[in-house]
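Asker: Please read through the structure below; I'll follow up with questions.
The values are calculated or read from the model by the stated rules, or taken from the named source; none is laboratory data. Computed from a prediction, not measured in an experiment: that's the story for all the values here. A quick note on method: Cβ atoms are made from the backbone with ideal geometry, for glycine too, and the neighbour counts reach across all protein chains shown. Each accessible area value is taken on the protein alone, full model and side chains, heavy atoms only, with ligands, DNA and RNA left out. Shrake-Rupley method; radii C 1.70, N 1.55, O 1.52, S 1.80 Å.
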Amino acid sequence: FPWSFDLSHCINNCITTSDHYFLIIQQDLYAQFLREMIIQPGIAKANLGVSREDVTLEDHPLNPNPDSRWNTYFKDNEVLLQIDKDVRRLYPDMAFFQRPTDFPCQLILDPENEYETLRRRVEQTTLKAQTVNRNRSGVTNVSSPGKALNLYPSNEYEVLPNGCEAHWEVVERILFIYAKLNPGIAYVQGMNEIVGPIYYTFATDPSSQWKEHAEADTFFCFTSLMSENRDNFIKSLDDSQCGITFKMESVFSKLKEKDTELYLKLQEQNIKPQYFTFRWLTLLLSQEFLLPDVIRIWDSLFSDQERFEFLIPVCCAMLTLIRDQLLAGDFTINMRLLQDYPISDVHAILIKAKELQDGL
(Lines give C-alpha, C1' and ligand atoms only; values in the text may rest on other atoms or scores of the structure.)
Protein backbone atom coordinates (compact mmCIF):
# COMPACT_ATOMS: atom_id res chain seq x y z
CA PHE A 1 0.00 0.00 0.00
CA PRO A 2 1.29 3.50 -0.72
CA TRP A 3 0.10 4.51 2.75
CA SER A 4 2.23 1.88 4.45
CA PHE A 5 5.95 1.81 5.11
CA ASP A 6 8.52 -0.07 7.12
CA LEU A 7 9.41 2.04 10.13
CA SER A 8 12.97 0.84 10.69
CA HIS A 9 13.79 0.94 6.94
CA CYS A 10 12.51 4.50 6.73
CA ILE A 11 14.58 5.57 9.73
CA ASN A 12 17.78 4.05 8.36
CA ASN A 13 17.46 5.64 4.93
CA CYS A 14 16.34 9.13 5.83
CA ILE A 15 19.08 10.27 8.17
CA THR A 16 20.98 13.32 6.96
CA THR A 17 24.05 14.88 8.54
CA SER A 18 21.92 17.41 10.39
CA ASP A 19 19.61 14.63 11.57
CA HIS A 20 22.60 12.69 12.84
CA TYR A 21 23.81 15.73 14.78
CA PHE A 22 20.32 16.16 16.24
CA LEU A 23 20.26 12.53 17.34
CA ILE A 24 23.59 12.94 19.13
CA ILE A 25 22.25 15.98 20.97
CA GLN A 26 19.12 14.08 22.01
CA GLN A 27 21.14 11.09 23.16
CA ASP A 28 23.34 13.36 25.26
CA LEU A 29 20.22 14.97 26.71
CA TYR A 30 18.83 11.59 27.68
CA ALA A 31 22.10 10.71 29.40
CA GLN A 32 21.71 13.94 31.39
CA PHE A 33 18.18 12.87 32.38
CA LEU A 34 19.64 9.63 33.72
CA ARG A 35 22.25 11.49 35.76
CA GLU A 36 19.67 13.81 37.26
CA MET A 37 16.78 11.44 37.85
CA ILE A 38 18.17 7.98 38.50
CA ILE A 39 20.60 9.14 41.19
CA GLN A 40 18.59 9.66 44.34
CA PRO A 41 19.32 10.04 48.07
CA GLY A 42 20.22 6.84 49.82
CA ILE A 43 22.75 5.46 47.33
CA ALA A 44 25.76 7.71 47.63
CA LYS A 45 28.92 5.79 48.45
CA ALA A 46 30.32 6.09 51.90
CA ASN A 47 33.58 4.29 51.27
CA LEU A 48 37.00 5.83 51.55
CA GLY A 49 35.74 7.97 54.39
CA VAL A 50 33.40 9.98 52.17
CA SER A 51 30.49 11.32 54.17
CA ARG A 52 26.89 10.65 53.17
CA GLU A 53 25.90 13.95 51.60
CA ASP A 54 22.34 12.71 51.10
CA VAL A 55 21.77 12.32 54.86
CA THR A 56 22.02 15.61 56.72
CA LEU A 57 20.41 17.25 59.70
CA GLU A 58 18.23 19.26 57.34
CA ASP A 59 17.20 16.38 55.05
CA HIS A 60 16.97 12.74 56.05
CA PRO A 61 14.64 9.75 55.44
CA LEU A 62 12.26 10.78 58.25
CA ASN A 63 11.95 14.38 57.06
CA PRO A 64 8.19 15.18 56.64
CA ASN A 65 8.88 18.30 54.55
CA PRO A 66 7.11 17.87 51.14
CA ASP A 67 10.09 19.56 49.46
CA SER A 68 12.51 17.01 50.91
CA ARG A 69 14.54 15.01 48.39
CA TRP A 70 13.81 11.95 50.48
CA ASN A 71 10.08 12.62 50.35
CA THR A 72 10.34 12.84 46.57
CA TYR A 73 12.35 9.63 46.52
CA PHE A 74 9.66 7.70 48.36
CA LYS A 75 6.85 9.12 46.19
CA ASP A 76 8.82 8.16 43.09
CA ASN A 77 9.06 4.64 44.47
CA GLU A 78 5.27 4.37 44.39
CA VAL A 79 5.25 5.12 40.66
CA LEU A 80 8.26 2.88 40.09
CA LEU A 81 6.57 -0.12 41.71
CA GLN A 82 3.62 0.12 39.31
CA ILE A 83 5.95 0.48 36.32
CA ASP A 84 8.02 -2.49 37.49
CA LYS A 85 4.94 -4.66 37.88
CA ASP A 86 3.78 -3.88 34.34
CA VAL A 87 7.04 -4.08 32.42
CA ARG A 88 7.95 -7.47 33.90
CA ARG A 89 4.93 -8.98 32.14
CA LEU A 90 5.39 -7.10 28.89
CA TYR A 91 4.67 -9.37 25.91
CA PRO A 92 5.10 -12.67 27.76
CA ASP A 93 4.25 -14.51 24.54
CA MET A 94 7.83 -13.85 23.43
CA ALA A 95 11.11 -14.12 25.31
CA PHE A 96 12.68 -10.94 23.94
CA PHE A 97 12.00 -8.63 26.87
CA GLN A 98 13.40 -11.14 29.36
CA ARG A 99 16.66 -11.51 27.48
CA PRO A 100 19.75 -9.38 28.20
CA THR A 101 20.38 -6.41 25.96
CA ASP A 102 23.64 -6.29 24.01
CA PHE A 103 24.04 -2.66 25.06
CA PRO A 104 23.36 -2.28 28.79
CA CYS A 105 23.48 1.24 30.15
CA GLN A 106 27.09 1.61 31.30
CA LEU A 107 26.26 4.89 32.99
CA ILE A 108 24.07 2.97 35.42
CA LEU A 109 25.94 -0.31 35.68
CA ASP A 110 29.48 1.02 36.07
CA PRO A 111 30.40 0.08 39.67
CA GLU A 112 32.53 3.22 39.97
CA ASN A 113 29.50 5.43 39.52
CA GLU A 114 27.05 6.26 42.28
CA TYR A 115 24.05 5.07 40.31
CA GLU A 116 21.36 2.68 41.37
CA THR A 117 19.60 0.24 39.07
CA LEU A 118 15.83 0.54 39.28
CA ARG A 119 15.63 -3.21 39.76
CA ARG A 120 17.70 -2.90 42.93
CA ARG A 121 15.62 0.03 44.06
CA VAL A 122 12.43 -1.99 43.69
CA GLU A 123 13.95 -4.89 45.61
CA GLN A 124 14.83 -2.60 48.49
CA THR A 125 11.52 -0.86 48.88
CA THR A 126 8.86 -2.11 51.27
CA LEU A 127 5.97 -0.12 49.81
CA LYS A 128 2.79 -2.05 49.13
CA ALA A 129 1.66 -2.37 45.52
CA GLN A 130 -1.96 -1.53 46.30
CA THR A 131 -0.99 2.00 47.26
CA VAL A 132 0.03 2.74 43.69
CA ASN A 133 -2.88 1.19 41.80
CA ARG A 134 -3.62 3.62 38.96
CA ASN A 135 -5.35 1.10 36.75
CA ARG A 136 -8.26 2.35 34.64
CA SER A 137 -11.17 0.08 33.89
CA GLY A 138 -10.74 -1.96 30.74
CA VAL A 139 -7.03 -1.48 30.18
CA THR A 140 -5.84 -4.97 31.08
CA ASN A 141 -8.92 -6.99 31.87
CA VAL A 142 -8.32 -9.41 28.99
CA SER A 143 -4.96 -10.74 27.87
CA SER A 144 -3.66 -10.66 24.33
CA PRO A 145 -2.69 -13.84 22.41
CA GLY A 146 -0.06 -15.71 24.35
CA LYS A 147 -0.39 -13.64 27.51
CA ALA A 148 -2.98 -16.02 28.92
CA LEU A 149 -0.39 -18.79 28.67
CA ASN A 150 1.44 -17.36 31.69
CA LEU A 151 4.77 -18.21 30.13
CA TYR A 152 6.66 -16.01 32.56
CA PRO A 153 5.17 -16.21 36.06
CA SER A 154 5.93 -13.07 38.04
CA ASN A 155 8.14 -14.95 40.48
CA GLU A 156 10.20 -16.83 37.90
CA TYR A 157 12.75 -14.62 36.17
CA GLU A 158 16.19 -15.59 35.10
CA VAL A 159 18.72 -13.84 37.30
CA LEU A 160 21.16 -12.05 35.03
CA PRO A 161 24.82 -11.73 36.04
CA ASN A 162 26.27 -8.44 37.23
CA GLY A 163 26.84 -6.01 34.38
CA CYS A 164 23.82 -7.26 32.43
CA GLU A 165 20.28 -5.98 32.24
CA ALA A 166 17.19 -7.34 30.53
CA HIS A 167 15.28 -5.43 27.86
CA TRP A 168 12.36 -4.98 30.26
CA GLU A 169 14.68 -3.09 32.60
CA VAL A 170 15.51 -0.64 29.81
CA VAL A 171 11.78 -0.12 29.18
CA GLU A 172 11.28 0.41 32.91
CA ARG A 173 13.93 3.14 32.95
CA ILE A 174 12.34 4.88 29.93
CA LEU A 175 8.93 4.95 31.59
CA PHE A 176 10.36 6.13 34.92
CA ILE A 177 12.18 9.03 33.26
CA TYR A 178 9.01 9.93 31.35
CA ALA A 179 6.98 9.91 34.57
CA LYS A 180 9.53 12.16 36.29
CA LEU A 181 9.52 14.65 33.42
CA ASN A 182 5.72 14.65 33.07
CA PRO A 183 4.36 14.80 36.64
CA GLY A 184 0.94 15.90 35.39
CA ILE A 185 0.31 12.48 33.87
CA ALA A 186 3.25 10.52 35.37
CA TYR A 187 2.66 6.86 34.63
CA VAL A 188 -0.66 5.22 33.86
CA GLN A 189 -1.03 1.49 33.40
CA GLY A 190 -0.98 0.71 29.69
CA MET A 191 1.86 3.03 28.76
CA ASN A 192 4.11 -0.02 28.92
CA GLU A 193 2.13 -1.52 26.05
CA ILE A 194 2.74 1.63 23.99
CA VAL A 195 6.48 1.89 24.55
CA GLY A 196 7.10 -1.84 24.03
CA PRO A 197 6.73 -1.97 20.22
CA ILE A 198 8.80 1.20 19.78
CA TYR A 199 11.67 -0.15 21.83
CA TYR A 200 11.49 -3.54 20.12
CA THR A 201 11.79 -1.86 16.70
CA PHE A 202 14.98 -0.03 17.66
CA ALA A 203 16.51 -2.82 19.75
CA THR A 204 16.15 -5.43 16.99
CA ASP A 205 17.36 -3.22 14.16
CA PRO A 206 20.02 -4.92 11.97
CA SER A 207 22.31 -1.94 12.54
CA SER A 208 24.28 -2.09 15.78
CA GLN A 209 24.33 1.73 15.75
CA TRP A 210 20.56 1.85 16.22
CA LYS A 211 20.61 -0.96 18.75
CA GLU A 212 23.22 0.85 20.83
CA HIS A 213 21.07 3.95 21.22
CA ALA A 214 17.71 2.16 21.36
CA GLU A 215 16.95 3.45 24.86
CA ALA A 216 17.40 7.15 24.16
CA ASP A 217 15.77 6.96 20.72
CA THR A 218 12.80 5.06 22.15
CA PHE A 219 12.36 7.61 24.91
CA PHE A 220 12.04 10.54 22.50
CA CYS A 221 9.83 8.63 20.05
CA PHE A 222 7.58 7.57 22.93
CA THR A 223 7.46 11.14 24.22
CA SER A 224 6.49 12.38 20.75
CA LEU A 225 3.83 9.70 20.41
CA MET A 226 2.39 10.48 23.83
CA SER A 227 2.18 14.17 22.95
CA GLU A 228 -0.44 13.15 20.38
CA ASN A 229 -2.02 10.32 22.35
CA ARG A 230 -1.76 11.37 25.99
CA ASP A 231 -5.36 12.63 26.23
CA ASN A 232 -6.46 8.99 26.19
CA PHE A 233 -4.64 8.50 29.51
CA ILE A 234 -6.02 11.57 31.30
CA LYS A 235 -9.26 10.67 33.05
CA SER A 236 -10.38 14.29 33.47
CA LEU A 237 -10.50 14.60 29.67
CA ASP A 238 -12.50 11.43 29.07
CA ASP A 239 -15.74 13.23 28.21
CA SER A 240 -14.19 16.07 26.21
CA GLN A 241 -14.02 16.09 22.42
CA CYS A 242 -10.37 15.08 22.57
CA GLY A 243 -11.00 12.39 25.18
CA ILE A 244 -11.43 8.66 24.91
CA THR A 245 -15.24 8.67 25.26
CA PHE A 246 -15.67 10.71 22.06
CA LYS A 247 -13.34 8.34 20.20
CA MET A 248 -15.19 5.26 21.42
CA GLU A 249 -18.48 6.74 20.27
CA SER A 250 -16.87 7.59 16.92
CA VAL A 251 -16.27 3.87 16.31
CA PHE A 252 -19.96 3.12 16.78
CA SER A 253 -20.95 6.12 14.67
CA LYS A 254 -18.76 4.83 11.84
CA LEU A 255 -20.25 1.35 12.29
CA LYS A 256 -23.79 2.74 12.16
CA GLU A 257 -22.92 4.50 8.92
CA LYS A 258 -21.30 1.46 7.28
CA ASP A 259 -23.24 -1.48 8.74
CA THR A 260 -26.53 -0.48 10.32
CA GLU A 261 -27.65 -4.07 10.89
CA LEU A 262 -24.60 -4.92 12.95
CA TYR A 263 -24.81 -1.63 14.83
CA LEU A 264 -28.44 -2.32 15.80
CA LYS A 265 -27.53 -5.86 16.90
CA LEU A 266 -24.90 -4.55 19.31
CA GLN A 267 -27.33 -1.89 20.54
CA GLU A 268 -30.03 -4.52 21.06
CA GLN A 269 -27.64 -6.59 23.19
CA ASN A 270 -26.58 -3.49 25.12
CA ILE A 271 -22.95 -3.99 24.08
CA LYS A 272 -21.49 -0.55 24.67
CA PRO A 273 -18.31 0.69 22.95
CA GLN A 274 -16.51 1.17 26.25
CA TYR A 275 -16.70 -2.58 26.88
CA PHE A 276 -14.01 -3.24 24.28
CA THR A 277 -12.99 -0.15 22.29
CA PHE A 278 -11.51 1.54 25.37
CA ARG A 279 -8.57 -0.83 25.28
CA TRP A 280 -8.42 -0.94 21.47
CA LEU A 281 -8.10 2.83 21.20
CA THR A 282 -6.09 3.65 24.31
CA LEU A 283 -3.41 1.05 23.62
CA LEU A 284 -3.49 1.40 19.82
CA LEU A 285 -4.48 -2.29 19.49
CA SER A 286 -1.21 -3.37 21.10
CA GLN A 287 -2.98 -5.99 23.24
CA GLU A 288 -5.13 -7.44 20.49
CA PHE A 289 -2.41 -8.89 18.27
CA LEU A 290 1.05 -10.38 18.45
CA LEU A 291 3.89 -7.86 18.43
CA PRO A 292 4.93 -8.19 14.74
CA ASP A 293 1.30 -7.61 13.74
CA VAL A 294 1.03 -4.62 16.08
CA ILE A 295 4.08 -3.07 14.41
CA ARG A 296 2.50 -3.67 10.99
CA ILE A 297 -0.68 -1.88 12.09
CA TRP A 298 1.33 0.98 13.56
CA ASP A 299 3.20 1.40 10.28
CA SER A 300 -0.13 2.23 8.68
CA LEU A 301 -1.37 4.37 11.56
CA PHE A 302 1.77 6.51 11.67
CA SER A 303 2.06 6.90 7.90
CA ASP A 304 -1.58 7.82 7.33
CA GLN A 305 -2.21 11.52 6.77
CA GLU A 306 -4.90 11.52 9.44
CA ARG A 307 -2.66 9.66 11.92
CA PHE A 308 -4.78 8.33 14.75
CA GLU A 309 -8.02 9.17 12.98
CA PHE A 310 -7.28 6.10 10.87
CA LEU A 311 -7.60 4.02 14.03
CA ILE A 312 -11.39 4.58 13.95
CA PRO A 313 -11.93 2.82 10.59
CA VAL A 314 -9.46 0.12 11.66
CA CYS A 315 -11.61 -0.64 14.71
CA CYS A 316 -14.74 -0.49 12.58
CA ALA A 317 -13.15 -2.90 10.10
CA MET A 318 -12.42 -5.32 12.94
CA LEU A 319 -16.14 -5.34 13.74
CA THR A 320 -17.40 -5.76 10.18
CA LEU A 321 -15.00 -8.62 9.49
CA ILE A 322 -16.64 -10.70 12.23
CA ARG A 323 -20.19 -9.45 11.54
CA ASP A 324 -21.60 -12.91 10.80
CA GLN A 325 -20.38 -14.25 14.12
CA LEU A 326 -21.65 -11.19 15.97
CA LEU A 327 -25.06 -11.33 14.31
CA ALA A 328 -25.39 -15.00 15.27
CA GLY A 329 -24.05 -14.71 18.82
CA ASP A 330 -25.65 -13.81 22.11
CA PHE A 331 -24.26 -11.24 24.56
CA THR A 332 -21.79 -13.62 26.22
CA ILE A 333 -20.42 -15.02 22.97
CA ASN A 334 -20.10 -11.58 21.39
CA MET A 335 -18.32 -10.10 24.38
CA ARG A 336 -15.85 -12.97 24.24
CA LEU A 337 -15.27 -12.29 20.54
CA LEU A 338 -14.72 -8.58 21.11
CA GLN A 339 -12.43 -8.97 24.10
CA ASP A 340 -10.37 -11.73 22.55
CA TYR A 341 -10.44 -10.78 18.87
CA PRO A 342 -10.39 -13.93 16.68
CA ILE A 343 -8.84 -12.67 13.43
CA SER A 344 -5.05 -12.52 13.19
CA ASP A 345 -4.79 -11.43 9.54
CA VAL A 346 -3.99 -7.75 10.02
CA HIS A 347 -3.47 -7.38 6.26
CA ALA A 348 -7.17 -8.06 5.70
CA ILE A 349 -8.12 -5.68 8.51
CA LEU A 350 -6.06 -2.84 7.02
CA ILE A 351 -7.49 -3.40 3.54
CA LYS A 352 -11.02 -3.21 4.93
CA ALA A 353 -10.16 -0.16 7.04
CA LYS A 354 -8.82 1.67 3.99
CA GLU A 355 -12.00 0.89 2.11
CA LEU A 356 -14.07 2.28 4.96
CA GLN A 357 -11.89 5.37 5.15
CA ASP A 358 -12.29 5.99 1.41
CA GLY A 359 -16.05 5.50 1.59
CA LEU A 360 -16.06 2.28 -0.46
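Asker: Whole Å is fine, so just give me how far the alpha carbon centre of the range 207-223 lies from that of the range 262-340.
Answerer: 30 Å
Asker: Pairs Lys235/Lys265; Lys254/Lys352; Lys235/Lys272; Lys211/Lys352; Lys235/Lys256: which are spaced more than 24 Å apart, C-alpha to C-alpha? List each step's numbers first, then the result.
Answerer: Values: Lys235/Lys265 29 Å; Lys254/Lys352 13 Å; Lys235/Lys272 19 Å; Lys211/Lys352 35 Å; Lys235/Lys256 27 Å.
Beyond 24 Å between Cα atoms: Lys235/Lys265; Lys211/Lys352; Lys235/Lys256.
Asker: Could I ask something else about it? Show me the ranking of peptides 26-33, 305-312 by mean Cβ neighbours inside 10 Å, starting with the highest. Please list the in-between numbers first.
Answerer: Working: 26-33: 14.4, 305-312: 16.0.
The peptides rank, most packed first, as 305-312, 26-33.
Asker: Got a number for carbon plus sulfur as a percent of the range 307-346's accessible area, 1.4 Å probe?
Answerer: 51 percent
Asker: Share of the range 153-262's accessible area from carbon and sulfur, percent, 1.4 Å? Mind dumping the intermediate values first?
Answerer: Working: 2170 of 4550 Å².
C and S fraction of accessible area: 48 percent.
Asker: With every protein chain present, what is the per residue accessible area of the range 238-358 (1.4 Å probe, Å²)?
Answerer: Each residue of the range 238-358 exposes 42 Å² on average to a 1.4 Å probe.
Asker: Arranged from highest to lowest average of other beta-carbon atoms within 10 Å per residue, in what order do the peptides 176-185, 347-356 appear?
Answerer: 347-356, 176-185
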